[in-house]
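Chemist: Sending over a structure as structure tokens; questions will come in a sec.
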């Protein structure tokens, strides 16, 4: 059976890591890859070269895990513009997988509240810019503002279960 590549995109502070942390414990065998880890640089500098390096490494990481025996590969990243996903998918060496892509968002006020409560230091303006881009590019995104993490995970699990059932019916 083809592995399921589950991509979860969202602005920083919107809940993608919280959702993925719970989701991957419900799916087995699974792995959760957070592309934010590829950006943990000091100093944090975004250049054309660093973007290329991170995209290349993310594709290598995804391709490696797609070639293993995981049924579910959960991949989280900001992915606020469609070209990021398209570019990343075009770089994968393993092409025998099924893709599920989810985008999360919340209101600007909720995002600012979450950022203020977080122990992580994030630039609020960058986060708001990413959130606005997501709202513009992904009108069907899931609003996490009034949903618990468990409620979002349950929504995704329903969709993932339906996709798996569909895969099984075509065997």
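Read-outs: derived from the displayed coordinates by stated rules, not from any lab. Quantities reported herein were computed from a predicted structural model and do not represent experimental measurements. Here Cβ is always computed from backbone atoms with ideal geometry, including for glycine, and neighbour counts include all displayed protein chains.
Chemist: Can you tell which of 146, 154, 168 is surrounded by 13 or more Cβ atoms within 10 Å (Cβ to Cβ) and either under 17 Å from the mean Cα position of the chain (by Cα) or more than 18 Å from residue 20 (Cβ to Cβ) (or both)?
Modeler: Working: 146 fails: surrounded by 13 or more Cβ atoms within 10 Å (Cβ to Cβ); 168 fails: surrounded by 13 or more Cβ atoms within 10 Å (Cβ to Cβ).
Just a single option satisfies the conditions, and that option is 154.
Chemist: Quick test for you: out of 147, 131, 112, 60, pick the one residue that is touching a strand residue (DSSP E or B) at 6+ places or on another chain (Cβ under 8 Å) and either at negative phi or without any contact (Cβ under 8 Å) to a residue 40 or more places away in the chain (or both). Walk me through how you get there before you give the answer.
Modeler: On the way: 147 fails: touching a strand residue (DSSP E or B) at 6+ places or on another chain (Cβ under 8 Å); 112 fails: touching a strand residue (DSSP E or B) at 6+ places or on another chain (Cβ under 8 Å); 60 fails: touching a strand residue (DSSP E or B) at 6+ places or on another chain (Cβ under 8 Å).
Step by step, each of 147, 131, 112, 60 is checked, and only 131 is touching a strand residue (DSSP E or B) at 6+ places or on another chain (Cβ under 8 Å) and either at negative phi or without any contact (Cβ under 8 Å) to a residue 40 or more places away in the chain (or both).
Chemist: Another question, then. I need the full set of residues from region 33-52 which are more than 30 Å from residue 162 (Cα to Cα) and touching a residue at least 12 places away in the same chain (Cβ under 8 Å), in order please.
Modeler: Selection gives 38, 39.
Chemist: Check residue 2 against each of (1) touching a residue at least 40 places away in the same chain (Cβ under 8 Å); (2) touching a helix residue (DSSP H, G or I) at 6+ places or on another chain (Cβ under 7 Å); (3) buried (at least 16 other Cβ atoms within 10 Å of the Cβ); (4) not in a strand (DSSP E or B) and name the one condition it does not meet.
Modeler: Condition not satisfied by residue 2: (3).
Chemist: Would you check if there is a residue in region 117-133 being part of a strand (DSSP E or B), surrounded by 11 or more Cβ atoms within 10 Å (Cβ to Cβ) and in contact with a helix residue (DSSP H, G or I) (Cβ under 9 Å, 6 or more places away or on another chain)?
Modeler: Step one: of region 117-133, the residues part of a strand (DSSP E or B) are none.
Looking through region 117-133, none of the residues is part of a strand (DSSP E or B), surrounded by 11 or more Cβ atoms within 10 Å (Cβ to Cβ) and in contact with a helix residue (DSSP H, G or I) (Cβ under 9 Å, 6 or more places away or on another chain).
Chemist: Against the condition in contact (Cβ under 8 Å) with a residue 12 or more places away in the chain and either within 20 Å of residue 129 (Cα to Cα) or not in a strand (DSSP E or B) (or both), how does residue 69 come out, does it pass?
Modeler: So residue 69 passes the test.
Chemist: Restricting to region 96-116, name every residue that is more than 27 Å from residue 154 (Cβ to Cβ) and part of a helix (DSSP H, G or I).
Modeler: 116
Chemist: In region 71-98, what residues are exposed (fewer than 15 other Cβ atoms within 10 Å of the Cβ) and within 18 Å of residue 142 (Cβ to Cβ)?
Modeler: 82
Chemist: Of all the residues that make up region 18-35, how many are surrounded by 14 or more Cβ atoms within 10 Å (Cβ to Cβ) and not in a strand (DSSP E or B)? Show your work before the answer.
Modeler: Kept after step one, since they are surrounded by 14 or more Cβ atoms within 10 Å (Cβ to Cβ), are these residues of region 18-35: 18-24, 27, 30-35.
Narrowing further to those that are not in a strand (DSSP E or B): 18-24, 27, 35.
Residues meeting the conditions: 9.
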